Amino acid sequence: MIDLLLVHGTTITMDKERRIIHDGAVAIHQGKILDVGLAKDLKMEYEAAQTIDCKHHCILPGLIDVHGHGGHSMFKTIAMENLEQWMPIMTNTYNHFVTDDFWYYEGKLSGLERLKAGITTGVSVIGSTPRADDPIFALNHAKAYNEVGVRNIVCTGPANPAWPKLYSRWKNGKRITREIEYEEVLKGAEAVIEALDHANDDRTRAFITPFVIVTSIEGSGPTPPSRLHQLTEHDRYQARKIREIAKKYKTRIHSDAFGGMVHMAIQDKDYALLGPDVHLQHCRGISFDEVKILAETGTKVSTSPSVTQMSARTPIVELMELGATVAISTDGTSPSTSFDMFQAMRKTQLVHQAAMRDEHYLPPGKLLEMVTIDAARCIGWDDEIGSIEIGKKADIITVNLKQAHLTPETMHVHRLVYQAVGSDVNHVIVDGKVLMSERRVSTVDENRIIEEANAEALETIERAGLAKYMAPTKYFWGSTRSYVDEKRFDENDYLFTITKEEQL
């Protein structure tokens, strides 16, 4: 007797032949896919402990979100009116105002969000710029994801210079601030990888993640060619240390990159953070020379849709046409996105069609590849997830088509990409275990997660003084363009020193 049989669904396999099996079925046993075929054949072949009737449903691989940020689910839309200062505001909050338990409660919330949107594997960079001064943050986040049941790739590593930096922990309601050296952060990242990579029956993995691949130029956007000179000693030293850690633990490298960084990184060919074991998020504003480097080195790329693509585009069409693997990511839920990969597919198509001024780019089939099998390739896990094939891990979702906005039941991939939303996901299965059935999650108490996350978020908002970034401006109603009508952001608010009490 097998464990589970899904029957009578339109099965979109994403296998090499991209088979779509109408009235299809999937047999699951001991956490893996045992068979895929027609419902009438598999029903005769197998007796199952549990059978799920998927009539009027699509059966497809679990969605894979290859880049997001741990922490962001607690701060949705905060500082939207101060977008130019959003990064320092959030980085300061993560570095000085969150408790150790924050990472657990936020992990529970973001894991639940992803689960209910059909994401069975999600990447979490700990913080905005990675925070690795203590392993507890990543460990708590991963513990939460494991309780929810979703696969989680924890990413942490060093932030950009200058070093040393000040980081704070909270003990018994008091802030304790320490000066942290660069080498200590590397040790913290190593401890995370050692503890979490391939943990929890391989539902948890850990990648080494410097903030960006070149530290000496603009960290959050493209750098003009006139400023692209030579790598600094720290650039070269960091590349070597990241390579050493990746090799030591046989793990992968994940980082951000923007225009100019690829050109700079390749100067150090022996240790460049490029290659088949590297996955780079954003890559906005890279030149065609850099596109060729990424394709030639086999570096994987992911991109999230936003209006910034109009001014500094990620050239995903050029990358893919030269043979590079490109995936779609959400980039997390703050400041103003969601974990809805269906919306992410549509937004990606829209912004790149607009940027290319050609509505024929990125057909639905390609978009679905970019959140399933191509996404699995990005994170080096395509041997086990990303498609419905015999022998792969049973990470599968179903989408309920028996709804007005998804009727008629024709052109199923088009229907998913153009009309479906995350809340249309009806069942979620990870490692052969049904985590959500008829949108009811069985692994955790949803109400408790929401209540605890709300309480922790409100405490953090008060502690960090974020309320001023939540209030609407006088231009909120009735205006066609927003302005901030008072000074909210002051750099002096983010200058920390170690008090005598903390030194003691």
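The values are calculated or read from the model by the stated rules, or taken from the named source; none is laboratory data. Not measured: the values here are computed from a predicted model. All Cβ positions, glycine included, derive from the backbone under ideal geometry; neighbour counts span all protein chains shown. For the accessible areas, the whole protein counts, side chains as well, though only heavy atoms, and no ligand, DNA or RNA atoms are used. Shrake-Rupley method; radii C 1.70, N 1.55, O 1.52, S 1.80 Å.
Can you tell me which of THR99, THR121, THR91, THR77 is at positive phi, among the β-branched types (Val, Ile, Thr) and in contact (Cβ under 8 Å) with a residue 24 or more places away in the chain?
None of the others qualify; the one that does is THR77.
Output the residue which, of all residues in the range 403-449 that are more than 26 Å from ARG19 (Cα to Cα) and not aliphatic (A, V, I, L, M), is surrounded by the most Cβ atoms within 10 Å (Cβ to Cβ).
By that ranking, first place goes to THR443.
Restricting the first residue to the range 139-167 and requiring it to be closer than 21 Å to GLY432 by Cβ, which pairs with a second residue that is of a type in the set (Lys, Arg) and open to solvent by less than 10 Å² (accessible area, probe 1.4 Å) meet a Cβ separation below 6 Å and a spacing of at least six or different chains?
Sorted first by the residue in the range 139-167, then by its partner, the pairs are VAL150/ARG114.
Would you point out the residue of the range 35-50, among those that are assigned to a strand (DSSP E or B) and within 20 Å of THR10 (Cβ to Cβ), that is most open to solvent (accessible area, probe 1.4 Å)?
LEU38
What are the residue pairs meeting all of these: first residue in the range 377-393, first residue in contact (Cβ under 8 Å) with a residue 60 or more places away in the chain and over 16 Å from VAL430 (Cβ atoms), second residue in a loop (DSSP other than H, G, I, E, B) and open to solvent by less than 30 Å² (accessible area, probe 1.4 Å), Cβ atoms under 8 Å, and 6 or more apart or on different chains?
Within 8 Å, the pairs are ARG377/THR325; ARG377/GLY386; CYS378/VAL66; CYS378/THR325; GLU389/THR13; GLU389/ASP15.
Looking only at the range 72-83, which residues are in a helix (DSSP H, G or I) and either surrounded by 20 or more Cβ atoms within 10 Å (Cβ to Cβ) or at pLDDT 95 or above (or both)?
HIS72, SER73, MET74, GLU81 - these are the residues of the range 72-83 that are in a helix (DSSP H, G or I) and either surrounded by 20 or more Cβ atoms within 10 Å (Cβ to Cβ) or at pLDDT 95 or above (or both).
Going through the range 486-497 one residue at a time, which ones are surrounded by 12 or more Cβ atoms within 10 Å (Cβ to Cβ) and either assigned to a loop (DSSP other than H, G, I, E, B) or at pLDDT 85 or above (or both)?
ARG488, PHE489, PHE496
For every residue, the table says whether it meets (1) among the small types (Gly, Ala, Ser); (2) within 30 Å of SER306 (Cβ to Cβ); (3) without any contact (Cβ under 8 Å) to a residue 40 or more places away in the chain; (4) open to solvent by 10 Å² or more (accessible area, probe 1.4 Å).
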position: LYS174; (1), (2), (3), (4): no, no, yes, yes
position: ASN200; (1), (2), (3), (4): no, no, no, yes
position: ARG203; (1), (2), (3), (4): no, yes, no, yes
position: SER220; (1), (2), (3), (4): yes, yes, no, yes
position: THR232; (1), (2), (3), (4): no, yes, yes, yes
position: TYR237; (1), (2), (3), (4): no, no, yes, yes
position: ILE242; (1), (2), (3), (4): no, yes, no, no
position: LYS247; (1), (2), (3), (4): no, no, yes, yes
position: HIS254; (1), (2), (3), (4): no, yes, no, no
